[in-house]
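The values are calculated or read from the model by the stated rules, or taken from the named source; none is laboratory data. What you see is a predicted model, and the numbers here were worked out from it, not measured in a lab. Protein only, heavy atoms only, side chains kept; ligands, DNA and RNA dropped before computing areas. Shrake-Rupley method; radii C 1.70, N 1.55, O 1.52, S 1.80 Å.
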Amino acid sequence: MKRILYLSGIIVLFTSCQLNDSSTVTSLENHEIELKFGEQVFIQEKGLTVLFSDLIEESRCPESVMCAWAGNAEVAIQINSDDIRLNSYKDPNKVSISGYEIELISVTPYPKDTGGIQKEEYVVKLMVSKKSS
């Protein structure tokens, strides 16, 4: 019985630790990528690795709250070895790198007035497109 509980605990531990998930995209032509916090994708066509590495700022006005301004979510994205920051409201919200334009489309979940959101709950949606010459 102890052995079963021990093995169950190990299985739960390994299946719940998905901080560095990765997947491969073979071709990009205006492709949307959704990344969970800590997740990365490899873009095989250009040898790009895109990682959602951090949430720098979360100042967006919570739903159902009246605010003076919309606020901003700033995220850190690592592209190969380059660290970039993209914003939901302020500039920059897109960058050009290695022949691609990478634009921040959204950061979810959107804040609510009922409490904080853990970093691990965040998902970014990026638009990756070939940069026109």
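What to note about this one:
- The listed residues ARG60, ARG85, once ranked by accessible area (1.4 Å probe) with the largest placed first, stand as ARG85, ARG60.
- Kirkwood hydrodynamic radius of region 50-101, from inverse mean 1/r over distinct Cα pairs, in Å: 12.2 Å
- Averaged per residue, region 42-119 has 55 square angstrom of accessible surface, using a 1.4 angstrom probe with ligands and nucleic acids left out.
- On full extension, the segment bounded by ALA76 and ILE105 gains 9.0 nm, given 0.36 nm per residue less the C-alpha separation.
- LEU51 accessible area, assembled protein chains, probe 1.4 Å, Å²: 30 Å²
- On full extension, the segment bounded by MET127 and LYS112 gains 2.9 nm, given 0.36 nm per residue less the C-alpha separation.
- Per residue convex hull volume, Cα atoms of region 40-132, in Å³: 92 Å³
- Computed as a quarter of the hull surface, the mean projected area of the alpha carbon convex hull for region 89-133 stands at 4.1 nm².
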